[in-house]
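For reference, the structure discussed in these notes is given below.
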Amino acid sequence: KQILKLEDNLDIHHKLADLYTKQRLIADAVSEYSQIAAIFEKKGRHNEVLELLRKMIDIDPDNIGIKLRLADLYHKLSFEKDALAEYGSIFGMLVAQGKLEKAEKVFLGLYNSNPKEPVVLKGLSSLYAKKNDSAKFLKLAIPLFHIYRETDDTAAAKEISAEILKYKPDEQDCIEFLEKSASKEPEPLAAPPQST
C-alpha cells in the first residue's frame, strides 16, 4: 500500500489483489481488481477486463454488481449467449432474494432490445405471475407460447398453455394446442396379464 502511494503500478495492484485473495479478504481483493479493470477499460483492453471480472466472480460468486458488469461487457462485445446466461443468473439471484423490482429491471432492458428471446419472456412472465399481474403475464406468455409451438418445444408449450388458461380460460390457441397434443399422445401400454 505504501508503494502504491508513491507509484500507481498495475503489477503492485495485481500482487496486492492476489495477497488479499490468499488471505480471504474478499472485499479488498475485489476492490484491487476493480481498480485494475477500470484502468484496462479506459485503454479499451476488453479481454483483460473480461478475465478480471471472471476472476472477481470466482472470488465473490454472489456479488451481483460484478456479475452485472460482466453481463454488460458481454453484451457490449456481442457475446449474446454469454450475456444472456449472466443476466439470467442475476435475474434468478434477485428473484430468490425477493428483489422482484430489480429482477424486472434487469430483464426489461433485455426485453426491449430483443422481445422474442424465450429466456427473457419466460423469466418476466413467471415474475408477473408471482406478482399476480395477469395483464403483463399474458402480454409475455402468449408470444412465448407461440415461440415454443413454432420451435416444436411441445413440453414447454404445454406448460405455458396451462398457465395461460388459468388467467384466460378462453385462449383458443392454447385450448386447441392442448387438445391436439392430447390426441397425439400414445395410449399407455396395457400391463401384461399375470400368470397364475
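The values are calculated or read from the model by the stated rules, or taken from the named source; none is laboratory data. Being a predicted model, the structure only gives us computed values, none of them experimental. No Cβ is skipped: glycine too gets one built from the backbone with ideal geometry, and neighbour counts run over all protein chains shown. Surface areas here come from the heavy atoms of the whole protein model, side chains and all, with no ligands, DNA or RNA. Shrake-Rupley method; radii C 1.70, N 1.55, O 1.52, S 1.80 Å.
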Residue pairs within 7 Å by beta carbon, gap of at least six or interchain, first lying in the range 146-169 and acidic (Asp, Glu), second open to solvent by less than 70 Å² (accessible area, probe 1.4 Å), listed first then second, are GLU163/ALA129; GLU163/ALA141
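Looking at the structure I just gave you, is LYS22 under 30 Å from SER113 (Cβ atoms) and modelled with pLDDT of 80 or more? Walk me through it before giving the result.
Numbers: under 30 Å from SER113 (Cβ atoms): no; modelled with pLDDT of 80 or more: yes.
No.
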Only one of these conditions is not met by GLU150: (1) open to solvent by 70 Å² or more (accessible area, probe 1.4 Å); (2) more than 27 Å from SER181 (Cβ to Cβ). Which number is it? (2)
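Within the range 75-86, which residues are in contact with a Leu (Cβ under 9 Å, 6 or more places away or on another chain), open to solvent by 20 Å² or more (accessible area, probe 1.4 Å) and not acidic (Asp, Glu)?
Quick first cut of the range 75-86, residues in contact with a Leu (Cβ under 9 Å, 6 or more places away or on another chain) only: 75, 77, 79, 82-84, 86.
With the extra rule that they be open to solvent by 20 Å² or more (accessible area, probe 1.4 Å), the set shrinks to 75, 77, 79, 82, 84, 86.
Selection gives HIS75, LEU77, PHE79, LEU84.
Being among the small types (Gly, Ala, Ser) and more than 22 Å from TYR74 (Cβ to Cβ) is the filter here; which residues of the range 30-58 pass it?
First, pick out the residues of the range 30-58 that are among the small types (Gly, Ala, Ser): 31, 34, 37-38, 44.
If the condition is that a residue be among the small types (Gly, Ala, Ser) and more than 22 Å from TYR74 (Cβ to Cβ), then SER31 is the only one that fits.
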Return yes or no: is TYR87 under 30 Å from ASN63 (Cα atoms) and touching a helix residue (DSSP H, G or I) at 6+ places or on another chain (Cβ under 6 Å)? yes
Give just the number: which of (1) surrounded by fewer than 14 Cβ atoms within 10 Å (Cβ to Cβ); (2) closer than 30 Å to GLU51 by Cα does ASP170 not satisfy? (2)
On the basis of being modelled with pLDDT under 95, in a loop (DSSP other than H, G, I, E, B) and open to solvent by 60 Å² or more (accessible area, probe 1.4 Å), does SER183 make the cut? no
Limited to the range 97-107, what total is found for residues that are within 13 Å of TYR87 (Cβ to Cβ) and open to solvent by 60 Å² or more (accessible area, probe 1.4 Å)? 2
